[in-house]
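A.B. asks: This structure is in structure tokens; I'll ask about it shortly.
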Amino acid sequence: MGNKVRPVIQMTVAWSQYPEFTHGTEGGLPLLPRGWAPKTLLATVRQLKKLGLRPGGHDPVAVLYGYSSKGGQWFAPLYLIARAKPMLPMTPNRWRSIAKANTARRCCPVCGRDRGYIIPPSLGMCVPCTEAGENTNASNENGADPWAA
């Protein structure tokens, strides 16, 4: 599976007063392969988060792209670090709401106990309730083997 060859072109960009080399455009934004973006000027949302910043409502100025090990192509919007705003602080009300949501995820709907771990959505109940439900069989109360003829 061959990678698509993108032509290298020179164009005006938002992060430099001089034209820069890009690989064309994607959605109207300059397209940069992995390793071409200036690390001191542009960052993805995850990189901004590590710096304690957020995009702050600004639109991306470029698109970063690359290929996964399986050959799939990925894209990530790039933002100007200079325009980024600081992350919003965690207020006491936000901490309370997160704690309340996590408590609800830890409580078993069958027995009503806080199990201290997140109840698996695939089970819908805590592990002890699931195991108790598997061990009790209403059709086999006398202990006889259900497979015996």
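A.B. asks: Report, in debye and to the nearest 20, how large the dipole of the chain comes out about its Cα centre when Lys and Arg carry +1 and Asp and Glu carry -1 on their Cβ. Could the numbers behind the result be given before it?
C.D. replies: Values: 18 positive and 8 negative charges, 188 e Å.
Dipole size: approximately 900 debye.
A.B. asks: Do you know the Lys pair count in the chain for C-alpha distances under 22 Å, with sequence separation 8 or more or different chains?
C.D. replies: Count of close lysine pairs: 6.
A.B. asks: I would also like to ask the following. In the set (1) 15.7; (2) 20.8; (3) 16.3, which value of Kirkwood radius over Cα pairs in Å was calculated from the structure you see?
C.D. replies: Correct label, based on the coordinates given: (2).
A.B. asks: Within the set of other residues whose C-beta is less than 13 Å from the C-beta of Tyr117, count the net charge using Lys and Arg as +1 and Asp and Glu as -1.
C.D. replies: That sum, taken over residues with Cβ under 13 Å, equals +3.
Each value in this text was obtained by applying a stated rule to the coordinates, not by laboratory testing. Here the structure is a predicted model, which means the values were calculated and not measured. Heads up, the Cβs are rebuilt from the backbone with ideal geometry, glycines too, and the neighbour counts pull from every protein chain shown.
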